[in-house]
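Enquirer: Below is one structure. I have some questions about it.
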Amino acid sequence: MSSMKNRKLAAIMFTDIADYTSLSAKNETRALDLLDTQREIISPILLKYNGILHKEIGDGLLFTFKTVTEALKCALEIQNRTKKIKDLNLRIGVHEGEVTFKDGDVLGDDVNIASRIEPYSAIGGIAISGKVQQDISSIPEYETKFIAKPNLKGVIQEVKIYCISSHGLPLPKMRTINAKLDRSKNKNSQLKFIIGVCLLSVVSLVGYLVLSKEDKVPSIAIIPIENKGNKEDDFYSYGISSDLISDVAGSGEIRVASLKDIEKIDYLNLSNKEISDELFVRYISQGSLWKNDSLFQLSIELYDTEDEKILWSERWINNWNELPQIKNNLQTGILKQFSLSNENLNKSVASPEAYEYYLKAQQQYDKFLGVYEELEIAKQLILKSISLDSNFIESQILHGKILWNMNYNKFAGYKRTTVILTNEEINLINEIRNIFQSAYDLSEKFNNKRLMSISKRWLGNTYSPFDNEKTMIFWQEALNLALEADDLQAQIHVLGNMSNKIEEEEKFNEVKIILDKKLNISKKINDLQALTRTYLNFGDLHYKIAKNIKYTTKYKDLNKNIAADWIENLNTSIEYSLRALNLAEERNYISDQFYAIRNLINVYMEKSDYEKATKLMNSKGSQLYMKNKKYFSASRYLSDQALLSSSKGDFKSAFEYENKLYDFYKNSKDKQSQIFTLLRLAVTSTHLNKLKNAKQYIKEVQLRASERGLQNEWLYYRIKMLNYKIAKIEGKTINKADVIKEVDTYLAYLKTQSKLYTDYTSLGHLAIYDIYTLTEDPELIKQGYNSIKKYEKLASLADIKEDFVNNKDYYRNLIIEEYNKLFKK
């Protein structure tokens, strides 16, 4: 009897019970009963959605459906029905592809893909392939999130994996995904490694048997010490906990959950195991502090969640004059359990009065979210601490940090910005530098390499807006000291600073090397926030590399290889930015979510995908902003929305966002950003033909820039061009030669700052069109048009299937229309 074969397109679904093998080993009867329960629940649901069960592979099931929507509806109902049943923890993966149906079985590469996708699902969730995601992208009820683009075992083709993020489904934890990605990326090297291991099998086995869990980098959450005393004494427990977390984190190969991460969870109402799962740590430190008159009663407990036992506990009673020793005692006790060096213990112990004011200032400083009044309070408290003990290093460092953050917007800026500092501001900068230098000298006196490194890093920060060479010297010294101190957290901070500074100089290969080091350290100690920010750094880097390719390659030199390099960098930027966004969402890193969205918006606009950019801004961007308006990073959402609206010619919306942005900066007292936003309002008012308003905004910009001593080439150029434009609209005569002279001067300046600026077209479509309207020089439209055709050729060579006729770039379309009028009569 011949077998029946039939090949056709189908939706393929795999399900699997998480931890079933472990359950089966512990309770085989319960495990077998669970399989029966699974069949009873799934059978009627499968019938309802016309699904076919082809295989039962242990606890795993293989199904096919005629359509993707039927498969997903079935998967959703299965998860909804099983989520409350103990131990029936299902993962589901769905893919679509051509399969062969043979004798009741289903075969083909796409079946293998579906089986490889399923492990990327969260327990209770649904993982899908890029093909399925495309199929449902137009169905409003489904929301998806990009997970990864792994090298799947036995799969040659590229597969992108997403998950369903709507319908209340859980999302996979990015630490688990990253572990899978690391394994998939290393599978070829692992194969070679296995061959080598076979030659040394006996040695390797012995080595493996003697390895203990403690050989891994230990991970700990130091839960804020609970204040058992009066409410006004909270600052003791907060400040001591904050310092303890920072100091233990800087003590070598140990990963310490950040205070911000800890404060995001309801740790008072969670068990140690639940805290461990939330923060991805093994050890939990918890304690309490009670101040009673001049005595401090303190208890501490270190719990091992893996071995389920108390590793260490201790109680102290300290007198008031021993207050500065409390943190040192805790730090010594914790580090001792992990055989870590305590050589960076701060020996410049402050007087109890000075330490108390320091703790109050630290708590106040940590409240800072762009509200400068909080920093003023912190400043007064730390000055009081220093007046009581000028040799206390941490007070000196915190003093410098407070002053720098209070005045950051006076000093910091981009290459295009030159601030003429007043004598008062020069004196202030020197004062801040002297504070950090004094902190360094004291740290050196006590041979505290960790605090020496921190002082050098902040010294570098104070030079960063003004002198790249000095900045890098200080940061390199800070890195060397961090390496000597084995302070991995400090190494991460300094490498991040260095990568940003070198990226400004467009030394992209050097940036990659530094970011690779930062990434390796972040992974080594599994620092999820550092990992998130490193992914953001990589995303931004690849976006800038792509822009560099586009602007510096001449039309005649464009080819498939260059286009492939360009699109690969853009896609890599998207991949890293999505990884960062997923991690930031999972861990609730607000600022990093705003940064990731901005990265993605930039790339989508570079690819002329305004639809995706708008959709992202109006969904994730809008939701994030509405929940977190108080965060300083929320300003990026308003700025990006205004820019996106302008690029589409929606100046009314742009004006509304710019007004909100100005109010935001006004409340934050960020004067420099206020000036730039007022200029944006002037530009948009001109587009809306509100010339009276535009003139008033320009007048306000000039007044404030003069008061501020701000000389900014971009600011000066934009004001000049705006005045020309307003005069033109009002029917006044414009000297075209003066316009060209201004543009040439500005372009010459830009060329000294970046190799991206080559000619008028590198100023952008808006600038080209504005200069044309002022000079009426057809050659400018031709240049702009040729620039557009260059991009279209690049996109075509890169196989971007964009509909350029419906491209929503407002100024691009104006240039094309004008070109057609002038040259295609």
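Enquirer: Return the tail of the calculated pair distribution for segment 650-711, meaning the percent of Cα-Cα pairs more than 14 Å apart.
Expert: Cα-Cα pairs in segment 650-711 separated by more than 14 Å: 54 percent.
Enquirer: Could you work out the relative contact order of segment 455-495? I mean the mean sequence separation of Cα pairs under 8 Å and 6+ apart, divided by the number of residues, in percent.
Expert: Once divided by the residue count of segment 455-495, the mean separation gives 35 percent.
Enquirer: Okay, next question. Could you name the aspartates and glutamates whose alpha carbon sits less than 12 Å from that of LYS751, not counting residues in the same chain fewer than 8 places away?
Expert: ASP759
Enquirer: Nearest 0.05, what FRET efficiency do LEU688 and ASN588 give at R0 = 45 Å with Cβ-Cβ as r?
Expert: Details: r = 38 Å, r/R0 = 0.85.
Here the calculated transfer efficiency is 0.70.
Enquirer: When you take every Cα atom in segment 219-343, what is the radius of gyration, and what is Dmax, the widest Cα pair distance, in Å?
Expert: Values for segment 219-343 (Cα only, Rg and Dmax): 13.9, 39 Å.
Enquirer: Shifting gears a bit: Starting from segment 490-562, pick out the trypsin sites (Lys or Arg not before Pro) whose DSSP state is loop and whose Cβ has at most 11 other Cβ atoms within 10 Å.
Expert: Passing sites in segment 490-562 are LYS554.
Enquirer: Let me have the relative contact order for segment 570-632, percent, based on Cα pairs under 8 Å that are six or more residues apart.
Expert: 32
Enquirer: Right, next: With charges only on Cβ, +1 for K and R and -1 for D and E, what is the dipole size of segment 219-343 about its Cα centre, in debye, rounded to 20?
Expert: 160
Enquirer: Would you work out which of SER673, ASN689, ALA705 lies farthest towards the positive end of the dipole of segment 650-711, given +1 charges on the beta-carbon of Lys and Arg and -1 on that of Asp and Glu, about the Cα centre?
Expert: Final value for the positive-end residue is ALA705.
Enquirer: Keeping every protein chain present and rolling a 1.4 Å probe, give me the accessible area per residue for segment 288-346 in Å².
Expert: Result: 52 Å² per residue.
Enquirer: Shifting gears a bit: Order 19-27, 432-440 from most to least packed using the mean count of other Cβ atoms within 10 Å.
Expert: Packing order, densest peptide first, comes out as 432-440, 19-27.
Enquirer: Work out Dmax and Rg for the chain from the C-alpha atoms and quote the Rg first, both in angstrom.
Expert: Taking only Cα atoms of the chain, I get Rg and Dmax of 30.4, 98 Å.
Enquirer: List residues of segment 90-130, by number, whose backbone nitrogen lies under 20 Å from a label position 7 Å along Cα→C-beta of LYS8.
Expert: 95-112
Enquirer: Moving on to the next point. Pairs of alpha-carbon atoms within less than 8 angstrom and 6+ residues apart define the contacts here; what relative contact order does segment 716-824 have, in percent? Working shown, then result.
Expert: Details: 70 pairs, mean separation 24.3, N = 109.
Computed value for segment 716-824: 22 percent relative contact order.
Enquirer: Please give the contour-minus-distance gain from LYS336 to LEU107: 0.36 nm per residue of separation, less the Cα-Cα distance, rounded to one decimal in nm. Could the numbers behind the result be given before it?
Expert: Numbers: separation 229, 0.36 × 229 = 82.44 nm, distance 5.71 nm.
Full extension from LYS336 to LEU107 adds 76.7 nm.
Enquirer: So, in nm, how far is label LYS86 from label HIS167 when the simple model puts each one 7 Å beyond its Cα toward the Cβ?
Expert: Taking the two extended label points, one gets 2.7 nm.
Enquirer: Now, a different point. Does anything in segment 489-526 have its amide N under 18 Å from the 7 Å Cα→Cβ label point of GLU253, and if so which residues?
Expert: 489-492, 517-526
Enquirer: Provide the percentage of antiparallel DSSP beta bridges, counting only those with both residues in the chain; round to the nearest 5.
Expert: Values: 56 of 66 bridges.
DSSP beta bridges in the chain are roughly 85 percent antiparallel.
Enquirer: Taking a ≥ b ≥ c as the square roots of the Cα gyration tensor eigenvalues, with a/c under 1.5 meaning rounded and otherwise prolate when a/b beats b/c, else oblate, which class fits segment 1-117?
Expert: Taking the square roots of the gyration eigenvalues as a ≥ b ≥ c, segment 1-117 is prolate.
Enquirer: When a/c is below 1.5 the answer is rounded, else prolate if a/b is larger than b/c, else oblate, so apply that to segment 726-825 with a ≥ b ≥ c taken from the square roots of the Cα gyration tensor eigenvalues.
Expert: Oblate is the answer for segment 726-825, as a/c is 1.5 or above yet b/c matches or exceeds a/b.
Enquirer: Name the residue from ILE734, SER591, SER762 whose Cα lies farthest towards the positive end of the charge dipole of the chain, charges +1 on Cβ of Lys and Arg and -1 on Cβ of Asp and Glu.
Expert: Positive-most Cα among the choices belongs to ILE734.
Enquirer: Convex hull volume of the Cα atoms in segment 213-270, per residue, in Å³?
Expert: Output value, Cα hull per residue: 98 Å³.
Enquirer: Which helices, counted as full DSSP H runs in the chain, have an axial Cα extent of no less than 30 Å and a Kyte-Doolittle average of -1.0 or above? List each step's numbers first, then the result.
Expert: On the way: long enough: 28-48 (31 Å, 0.00); 423-445 (32 Å, -0.70); 528-552 (36 Å, -0.37); 560-587 (40 Å, -0.46).
Long hydrophobic helices here: 28-48, 423-445, 528-552, 560-587.
Enquirer: Order 245-255, 136-146 from most to least packed using the mean count of other Cβ atoms within 10 Å.
Expert: In descending order of packing, they fall as 245-255, 136-146.
Enquirer: Also, quick follow-up: As an exercise, identify the trypsin sites (Lys or Arg not before Pro) in segment 564-653 lying in DSSP coil whose Cβ has no more than 13 other Cβ atoms within 10 Å.
Expert: Those satisfying the criteria are LYS629, LYS630.
Enquirer: What does the C-alpha gyration tensor say about the overall shape of segment 752-796? Classify as rounded when a/c is under 1.5, otherwise prolate if a/b is larger than b/c, or oblate.
Expert: oblate
Enquirer: Separate question: Taking the Cα centre of segment 6-173 as the origin and placing charges on Cβ (Lys, Arg +1; Asp, Glu -1), which of LEU88, ILE52, GLY130 is farthest toward the positive end of the dipole?
Expert: GLY130
The values are calculated or read from the model by the stated rules, or taken from the named source; none is laboratory data. Note that the coordinates shown come from a computational prediction; the quantities given were computed from them, not determined experimentally. Reconstructed Cβ throughout: ideal geometry from the backbone, glycine too, with neighbour counts over all protein chains shown. The area values use the complete protein model at the heavy-atom level, side chains included, leaving out ligands, DNA and RNA. Shrake-Rupley method; radii C 1.70, N 1.55, O 1.52, S 1.80 Å.
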